[in-house]
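All remarks here apply to the structure that follows.
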Amino acid sequence: MTTVDIDDLLARLRGLANPDNVAGMARYGISSVGTLGVSVTTLRDIAKELRAWRRADPQGVHVLAGQLWSSGIHEARILAGIIDIPELVTEAQADAWVAELDSWDVCDQLSDVFSSTTFAYAKAVEWAQAEATFVKRSGFVLMCRLAVRDKKAADADLIAFLPLIEREACDDRNFVKKAVNWALRQIGKRSPACQAAAVASAERILLEHADCAAARWTARDALRELRSDPVRRRLALL
């Protein structure tokens, strides 16, 4: 494969539309605006078809990703996040895409490509302090991805996120609250040092935000997992 026509690809996605899936996705908090109901499995299959072209012409695939995003179609935006080239993604592009997010699944998918950029850590901190729901979620989900995927990261790089997690633990918006909790748990499962730091962070959240229901849930849920035998066993703490 040497090239892909954006109109042909969008027509293919529209041909796979499933209105029943759209209704089901809405029940899980996924926006129905511009949504076709194409499964992520199908989108990943399409991405696999582009692998050879992605290796041969990364700039061409990067351009295609931008066209997919500009279409405004929900599934096209997920596909854009799957195929885009981290080395070619700019901070301006990342900021622009995150600012347009209206659904958690697109938000979480984009964190995969953003986590491999040179500015991932800076954006995690910046976005986590934003007011907009999905920009803020993006920051915390990016922390999750970095905790799992950045094998070269020092423990200190991830532990540095914990004060921000503590500060934002009272945000009671569901999509934010769950991302804050997720980040705390993923950092804590990274290593023994991260586990100890995350447990201490959760305990501080309970003390400092005792009157905040969202913070209490975030901390207690994280402590339940981080102190569990499976996690402690995996980290050789048992």
>> Suppose we filter Asp95, Asp57, Asp108, Asp84 for residues that are assigned by TED's automatic domain parsing to the domain that holds Arg173, out of contact with any Gly (no Cβ under 6 Å at 6 or more places or on another chain) and either among the acidic types (Asp, Glu) or under 23 Å from Lys178 (Cα atoms) (or both); which single one remains?
In response: Asp108
> Cβ-Cβ below 9 Å, separation at least six or inter-chain, first residue in segment 215-238 and loosely packed, with under 12 Cβ neighbours inside 10 Å, second modelled with pLDDT under 95: which pairs?
Replying inline: Asp229/Leu238
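Mind checking which residues of segment 101-129 are under 19 Å from Ile30 (Cα atoms) and out of contact with any Ser or Thr (no Cβ under 8 Å at 6 or more places or on another chain)? Explain how you work it out, then say what you get.
Taking segment 101-129 and keeping what is under 19 Å from Ile30 (Cα atoms), we get 101-112.
Trp104, Asp105, Val106, Asp108, Gln109, Asp112 - these are the residues of segment 101-129 that are under 19 Å from Ile30 (Cα atoms) and out of contact with any Ser or Thr (no Cβ under 8 Å at 6 or more places or on another chain).
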>> Just to verify a result, which residue in segment 2-46, among those that are polar (S, T, N, Q) and under 23 Å from Leu101 (Cβ atoms), is surrounded by the fewest Cβ atoms within 10 Å (Cβ to Cβ)?
In response: Thr41
>> Just to check your reading of the model, which residue among Leu206, Leu162, Leu158 is more than 13 Å from Phe140 (Cβ to Cβ) and out of contact with any Phe, Trp or Tyr (no Cβ under 6 Å at 6 or more places or on another chain)?
In response: Leu206
> Ala80: free of Cβ contacts under 8 Å to residues at least 24 places away in the same chain and either under 23 Å from Asp5 (Cα atoms) or touching a Pro at 6+ places or on another chain (Cβ under 7 Å) (or both), yes or no?
Replying inline: yes
>> Quick check on segment 67-81. Is at least one of its residues under 21 Å from Arg145 (Cβ atoms), among the aromatic types (Phe, Trp, Tyr) and either surrounded by 18 or more Cβ atoms within 10 Å (Cβ to Cβ) or not assigned by TED's automatic domain parsing to the domain that holds Phe175 (or both)?
In response: yes
> In this structure, is Asp172 among the acidic types (Asp, Glu), in a helix (DSSP H, G or I) and assigned by TED's automatic domain parsing to the domain that holds Asp112?
Replying inline: no
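The values are calculated or read from the model by the stated rules, or taken from the named source; none is laboratory data. Everything numeric in this text was worked out from a predicted model, so none of it was measured. Because the Cβ atoms are built from the backbone with ideal geometry, glycine has one as well, and the counts that use them run over all protein chains shown.
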